[in-house]
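Note sheet for the following structure.
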Amino acid sequence: MLAYSLSEIWSILIMQGFSGLSLFSVLLLMALGLAVIFGQMGVVNLAHGEFMALGAYTVYLSSQLTEAYAPGFAPYYFVFAIGIAFCVAALVGGLVEWGMMRFLYKRPLDTLLATWGLSLIMQQAFRSIFGAREVTPTLPEWLMGSFKPTETIDIPINGVFVMALSLLLTAGVTLFMFRSRIGLRTRATVQNRAMSEAVGINTGLIDRFTFALGCGIAGVAGAAFTTIGSTGPDSGSRYIVDTFLVVVFGGSASMLGTIVSALGIAQTQSISEFFLEGTMGKVTTLMAIVFILMIRPKGLFPSKVRS
Amino acid sequence: MNKFYKNILGGKAGIIGLAILAVLLLVVLPSSLQIFRLNLVGKYLTYAFVSVGLVLLWGNAGVLSLGQGIFFGLGGYCMAMFLKLEASDPITTKIQSTPGIPDFMDWNQLTALPAIWVPFKSLPFSLFAVVAVPALLAFILGSAMFKRRVGGVYFSVITQAFALILSLGIDGNQGLTGGRNGITDLRTLWGWDIRSESAQYVLYFVCCLLLIGCILVGRFVVSSRMGRLLLAMKDREDRVLFSGYDVASFKVFVYCLSAAMCGIGGALFVLQVGFISPSLVGIVPSIEMVIFAAVGGKMSLLGAVYGTLAVNTGKSLFSENFPQLWLFLMGGLFIAVVMFFPNGLAGLWESARARLSRLSPRSGAAKKIIPMPAMPQASNLVETEPKLP
């Protein structure tokens with residue numbers, strides 16, 4: 001340890017802090033869509049990871065199409081691809097809600113199984129269409145490389161991009177939920193369904209909209225992840241437990257809780273992975289979360305809604 | 001005696017159902033299948049222990065655990081540790097740098113047997129641990145969660161997280177557990193070669209008999225006063241709670257019972273298949289085990305066995321012939337069972353039987369069969385029964 005000079009230790013701290021922040025933004029992005037669905041509707045969507053993969057594959061497809069038909073557009077396509085990913089995932093989510101989820105709201109345990117089935121089907125669909133190998137879209141030049149504020153500090157641009165996107169999206173969702181008409185209706189439905197119906201809110205439509213919104217956000221998250229890793233048919237399922245723990249740990253209906261818990265989990269994990277071997281760092285983090293959840297079953301910021 | 005006949009064997013219909021299953025498992029399958037296929041059926045039957053446990057836990061008590069693979073794996077590891085120690089005696093392992101310890105420990109530069117492995121040199125202790133370790137863990141987890149009234153989807157998600165923790169933990173501690181490869185190359189049980197054909201037959205029959213034993217235990221629980229309480233809890237938990245029952249303790253008990261059954265299944269899996277690895281512990285196998293029970297019918301103990309056999313046979317047939325289609329089919333099965341056949345094969349069988357007996361001239365029989373067993377009468381229960389201590 002003495003071999004490090006003071007400036008090197010400083011750089012390690014900065015970069016380790018950045019990698020924690022980067023993990024935080026990844027977790028936040030993943031959890032945001034779920035926080036909307038699970039927090040607002042109480043529905044556990046185990047296919048959430050597959051909706052992320054759907055977004056990622058959409059970006060991959062757009063990159064392939066851009067290369068084939070409009071090579072000059074290549075530097076800009078990514079921004080549009082994110083929008084398309086949102087639309088595709090939201091559309092599929094809306095269809096799933098219409099075809100399956102709306103029959104299951106009264107049976108929360110059964111939604112677990114049904115959405116798991118959906119996730120298997122989506123995984124196999126990805127595998128049949130895009131092949132079992134992992135794919136990466138061609139990223140525009142401006143997303144590559146890294147900042148170098150000093151000689152020893154190295155901050156990757158794609159990490160900054162994901163961070164910015166996740167902050168933007170969080171702000172957007174919060175504004176939408178608390179400042180827009182539809183957001184108001186959504187919150188009203190969560191708080192008292194019968195009363196909302198009585199004042200003329202179409203709660204069935206609100207449900208479909210909320211579910212589609214959550215899936216769309218998952219699509220955006222998946223699209224953003226193409227900048228930091230490749231996409232395979234089963235990459236969605238790798239995230240699912242982390243995502244759920246972030247949401248449950250934060251307290252289901254609280255946006256602030258989701259942010260705080262994503263930050264806490266990310267920092268714990270990146271610090272423990274620095275000191276312990278890879279998987280054991282993760283095990284320690286998960287154990288800590290589960291232990292805290294046993295003491296505070298409703299999460300850090302429980303909602304004050306009567307059920 | 002009469003009580004035994006009515007409650008445990010389930011009267012005439014129950015005895016017939018059990019007899020059919022026993023004949024199928026003990027006579028028809030062994031006489032018609034080759035030993036390779038029979039061994040496969042034996043492997044599926046070890047999953048049926050998990051399904052039977054899930055029928056009690058999920059179907060009757062309404063608690064869905066997505067982490068039953070934890071207990072299956074723990075039971076399996078307890079058995080495998082004993083077998084591995086027997087397989088690595090100092091003579092056969094004399095080429096290792098430390099003879100007498102399992103080979104994977106030697107590869108990981110361990111020079112002595114870890115303390116946790118030492119008790120597993122004894123067979124009685126190992127057999128005890130197969131049941132006790134899963135039950136103990138279930139007791140700890142269950143008391144922590146049920147006493148704080150963690151239920152519903154929260155419980156499911158947390159058990160799923162535990163399945164991930166345990167599989168990652170086993171994976172990460174290679175020297176202690178064999179890591180991702182698991183514990184392999186198991187040979188003998190007290191000098192008896194478990195890989196021989198005759199041993200596989202014997203183990204198959206042991207597996208069947210233990211499974212039938214578990215079903216009888218399950219029937220005893222379901223038909224007892226506690227079984228009715230569990231059903232009442234599933235439908236109106238707060239009502240049972242306010243009537244003065246300690247809801248959490250009942251749930252903890254059923255959770256432990258199902259965990260113990262999983263442990264037995266895991267141990268038999270190791271004996272018949274000859275290895276255990278973290279791939280049997282994680283999220284995916286745990287949730288697949290739920291679908292076995294769901295296909296059989298989550299309220300039916302016998303259905304759970306048929307469901308397990310049906311899904312696994314389908315799985316091996318399809319993944320041999322159309323590997324592409326299998327996941328579509330499996331996914332479709334999850335959705336179809338939930339949306340269209342909530343009572344699984346048992347439900348289909350009941351309705352088919354009801355329809356048949358309506359067609360037949362002796363329609364009096366139909367009346368006895370049609371009522372579903374799922375109707376708890378919570379109000380009666382509360383009025384007529386004294387408080388349990």
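The values are calculated or read from the model by the stated rules, or taken from the named source; none is laboratory data. Everything numeric in this text was worked out from a predicted model, so none of it was measured. Using ideal geometry, Cβ is built from the backbone for each residue, glycine included, and neighbour counts are taken over all protein chains shown. Calculation scope for accessible area: heavy atoms of the full protein, side chains included, ligands and nucleic acids excluded. Shrake-Rupley method; radii C 1.70, N 1.55, O 1.52, S 1.80 Å.
Given the criteria in contact (Cβ under 8 Å) with a residue 12 or more places away in the chain and either buried (at least 24 other Cβ atoms within 10 Å of the Cβ) or touching a Gly at 6+ places or on another chain (Cβ under 7 Å) (or both), does residue B:67 qualify?
On the way: in contact (Cβ under 8 Å) with a residue 12 or more places away in the chain: yes; either buried (at least 24 other Cβ atoms within 10 Å of the Cβ) or touching a Gly at 6+ places or on another chain (Cβ under 7 Å) (or both): yes.
So residue B:67 passes the test.
Criterion first (in contact with a helix residue (DSSP H, G or I) (Cβ under 7 Å, 6 or more places away or on another chain), touching a residue at least 60 places away in the same chain (Cβ under 8 Å) and within 14 Å of chain A (Cβ to nearest Cβ)) does residue B:252 satisfy it?
For residue B:252, the condition - in contact with a helix residue (DSSP H, G or I) (Cβ under 7 Å, 6 or more places away or on another chain), touching a residue at least 60 places away in the same chain (Cβ under 8 Å) and within 14 Å of chain A (Cβ to nearest Cβ) - is met.
Does any residue of segment B:150-161 turn out to be small (Gly, Ala, Ser) and either more than 10 Å from chain A (Cβ to nearest Cβ) or in contact with a strand residue (DSSP E or B) (Cβ under 8 Å, 6 or more places away or on another chain) (or both)?
no
Of these, B:115, B:129, which one is without any contact (Cβ under 8 Å) to a residue 60 or more places away in the chain and open to solvent by less than 20 Å² (accessible area, probe 1.4 Å)?
Result of the check over B:115, B:129: B:129.
Right, residue B:137: buried (at least 17 other Cβ atoms within 10 Å of the Cβ), touching a residue at least 60 places away in the same chain (Cβ under 8 Å) and within 14 Å of another protein chain (Cβ to nearest Cβ) or not? Spell out how you get there, then give the answer.
Details: buried (at least 17 other Cβ atoms within 10 Å of the Cβ): yes; touching a residue at least 60 places away in the same chain (Cβ under 8 Å): yes; within 14 Å of another protein chain (Cβ to nearest Cβ): yes.
Taking the combined requirement at face value, the residue satisfies it.
Considering each residue of segment A:97-125, count those that are open to solvent by 20 Å² or more (accessible area, probe 1.4 Å), assigned to a helix (DSSP H, G or I) and more than 10 Å from chain B (Cβ to nearest Cβ), and give that number.
Number of matching residues: 2.
Scan segment B:169-192 and give yes if some residue there is of a type in the set (S, T, N, Q), touching a Ser or Thr at 6+ places or on another chain (Cβ under 8 Å) and within 12 Å of chain A (Cβ to nearest Cβ), otherwise no.
No: segment B:169-192 contains no residue that is of a type in the set (S, T, N, Q), touching a Ser or Thr at 6+ places or on another chain (Cβ under 8 Å) and within 12 Å of chain A (Cβ to nearest Cβ).
Taking the condition of being buried (at least 22 other Cβ atoms within 10 Å of the Cβ), among the aliphatic types (A, V, I, L, M) and closer than 16 Å to residue A:17 by Cα, how many residues in segment A:243-281 meet it?
Adding up the residues that qualify gives 3.
So, of the residues in segment B:315-345 that are under 17 Å from residue B:47 (Cβ atoms) and under 19 Å from the mean Cα position of the chain (by Cα), which turns out to be surrounded by the fewest Cβ atoms within 10 Å (Cβ to Cβ)?
B:315
Find the helices (runs of 4 or more DSSP H) located wholly in segment A:193-307 whose residues include 3 or more that are away from chain B (no Cβ under 12 Å) and without any contact (Cβ under 8 Å) to a residue 60 or more places away in the chain, and list them.
Because the criterion is at least 3 residues that are away from chain B (no Cβ under 12 Å) and without any contact (Cβ under 8 Å) to a residue 60 or more places away in the chain, the helices (runs of 4 or more DSSP H) in segment A:193-307 that meet it are A:193-198, A:203-225, A:255-275.
Given (1) within 28 Å of residue A:281 (Cβ to Cβ); (2) of a type outside the set (S, T, N, Q); (3) in contact (Cβ under 8 Å) with a residue 12 or more places away in the chain, where does residue B:151 come up short, assuming only one miss?
With respect to (1) within 28 Å of residue A:281 (Cβ to Cβ); (2) of a type outside the set (S, T, N, Q); (3) in contact (Cβ under 8 Å) with a residue 12 or more places away in the chain, residue B:151 is out only on (1).
Residues of segment A:126-140 being open to solvent by less than 20 Å² (accessible area, probe 1.4 Å) and not hydrophobic (A, V, I, L, M, F, W, C), which ones?
A:137, A:140
Taking residue A:45 and the conditions (1) touching a Cys at 6+ places or on another chain (Cβ under 9 Å); (2) not in a loop (DSSP other than H, G, I, E, B), which numbered condition does it fall short on, given that it satisfies the others?
(2)
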